[in-house]
Amino acid sequence: MVRLPEARGACAAKIEKVGKRREAPGGFDVIGEGAAQLPLWSEQDAGWSVRESRRARRMVVRVFHSGRVEVVVPVKTPPGLVQTFLERHRLWIERKRAEARRTAVTPEHFPPQRIDLAACAEQWQVHLAGGSGRLRIDAGGGLIRISGDSGSSQALRPVLRGLLLQRARGALEPALAACAQEFGFQYSRMVIRRQRTRWGSCSVSGTISLNACLLFVPPAVVRYLLIHELAHTRHMNHSRRFWQCVASCCPEYRRLDQALSEGWRSVPAWVFGDAAP
Ligand SMILES: [Zn+2]
């Protein structure tokens, strides 16, 4: 399995176990949907929040690609413990925030005028033909022509996502089959998903699941991921033998694995729909 740092999610996280728990007088003031401000930090520094979670067993601080920092803590964690935790990781947090500022992406326009599918060297032009009434889509020959009332991105998003899944199936299925044949791997079937957290996975029954977002990364990186998942049909772990198997098919796997972990940058926001309008 190769995990994907959420397309627009956390770029990094630090986790720490909460020690012996004490009742905290007051705790945090919960605002909104379980989000709370951490007084000491949030005063000078916007974009901080502390969230109590019933499921959390450890304290986690995440730095999102937007630079936002979120601390998730088990219920009733004493504020002092959270402060200590944050102080301990302050340099790390500052470094990650600086990285986020450097690599900040500008907000996207939706619908996009162009969709770049690096994996299959295709560019789709998106043409809004206007008109009213029901939304109509004609796709083909690198052009997506949208007519009718396209004012609602709510309606348009699922259409683009549907086209993406369809293209991913068409492009990745033969690529996976060819790769399996080239190196003598066997898998039972392939499924395409649109996922925030994984580029791909392989089940014990030999089902290989691939993320449609792979269409946005270069062919060599896709090929590495295919080999990685196929190698799991022989080794269901990330042991030394697994990596030896990957290396024998793809000597450049280290560089490509790194490129894959940065691949989220090429995934447009509309694929998940939480950043674009
Ligand atoms: Zn893996």
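The values are calculated or read from the model by the stated rules, or taken from the named source; none is laboratory data. Nothing here was measured: the structure is a model prediction, and the numbers come from that model. Quick reminder, even Gly has a Cβ in these numbers, built from the backbone with ideal geometry, and neighbours come from all protein chains shown.
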What do you reckon, is SER239 within 12 Å of the ligand (Cβ to nearest atom) and of a type in the set (Gly, Ala, Ser)?
yes
Kindly evaluate PRO251 against the criterion of being closer than 30 Å to LEU156 by Cβ, surrounded by fewer than 16 Cβ atoms within 10 Å (Cβ to Cβ) and in the same structural domain as LEU165 (by TED's automatic domain parsing).
no
Checking PRO78, PRO107, PRO74, PRO111 in turn, the sole residue that is modelled with pLDDT under 85 and surrounded by 12 or more Cβ atoms within 10 Å (Cβ to Cβ) turns out to be PRO111
Given ALA177, ALA171, which one is surrounded by fewer than 19 Cβ atoms within 10 Å (Cβ to Cβ), more than 16 Å from the ligand (Cβ to nearest atom) and small (Gly, Ala, Ser)?
ALA177
Can you name the residue in region 143-159 that is over 11 Å from PRO111 (Cβ atoms) and under 26 Å from the mean Cα position of the chain (by Cα) and is also modelled with the lowest pLDDT among such residues?
GLN154
